[in-house]
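**Student:** Please find one structure pasted underneath; my questions will follow.
The values are calculated or read from the model by the stated rules, or taken from the named source; none is laboratory data. Computed from a predicted structure; not experimentally measured. Virtual Cβ from ideal backbone geometry, glycine too; neighbours counted across all protein chains shown. Just so you know, the surface numbers come from the protein's heavy atoms only, side chains and all, with ligands and any DNA or RNA stripped out. Shrake-Rupley method; radii C 1.70, N 1.55, O 1.52, S 1.80 Å.
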Amino acid sequence: MRVVELVRWRGMLSCRHCGAAALAPGVILEGNVMDAASLTDALRQARRDSGSACTRIALAMPATALITHAIRLPAGLPEEQLEILVELEAAQYMPFALEDASLDFCILGPAPPLAGTTGKEVDVLLVAARRAGVQCRLDAARAAGLQAVIMDSEALALQAALAQGGWQALPDGGVAYQLAWGLALHRYAR
């Protein structure tokens, strides 16, 4: 479990505080929280170790707890229509009921034209997680005195971190902190 407090100074992100706490074996198993109390304790310990006084945090879901799928949708739709289409598409790919899911999506960009199509389309990344898994993480953060303001995918956060590279200034070359850096860059710091 890692806590990293980033600040923006002169347009660049830099690390103000960082800390870590080990998770006991069995707290998280295959992406699922098995022991919420121990997760809360690890969050408290990592925050204490970091020296940060921040209470607003960004969290990441591991790939093992997510369903991701790239879909094609018509370009130029208003946000509300796009959300409806994403929900309809999501229902086809999830092994559980739509009511039990937390959904998110991001537009990846224009889709290359397919033979026989005339309209413009966009590629959209659909991300779904079981609502209970998301809620368990949010509850652990709240119990640790923290307010989660964003929940993102580890993979997308790491991609953002690698593209920017600022995490290299963190302790031990920052490799252990790539995820936190990416969370800040991907959505939280916009």
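**Student:** Which order do 139, 152, 123 take by accessible area at a 1.4 Å probe, largest first?
**Tutor:** In descending accessible area the options line up as 139, 123, 152.
**Student:** What number, in percent, do you get for the relative contact order of the range 46-159 if the mean sequence gap of Cα pairs under 8 Å and at least 6 apart is divided by its residue count?
**Tutor:** Working: 149 pairs, mean separation 47.7, N = 114.
So the answer I get is 42 percent.
**Student:** A follow-up question, please. Find the relative contact order for the range 1-82 and round it to a whole percent, using C-alpha pairs within less than 8 Å whose residues are 6+ positions apart.
**Tutor:** On the way: 91 pairs, mean separation 22.5, N = 82.
Reported as a whole number, the value is 27 percent.
**Student:** Each label point is 7 Å from the Cα along the Cα-to-Cβ direction; what then is the distance between the points at residue 29 and residue 107, in nm?
**Tutor:** 4.3 nm
**Student:** Give me the percent of the accessible area of the range 14-143 that comes from carbon and sulfur atoms, probe 1.4 Å, all protein chains in place.
**Tutor:** 55 percent
**Student:** Distance from a point 7 Å along Cα→Cβ of residue 88 to each backbone N in the range 63-80: keep the residues under 20 Å and list them by number.
**Tutor:** Answer for the range 63-80: 69-80.
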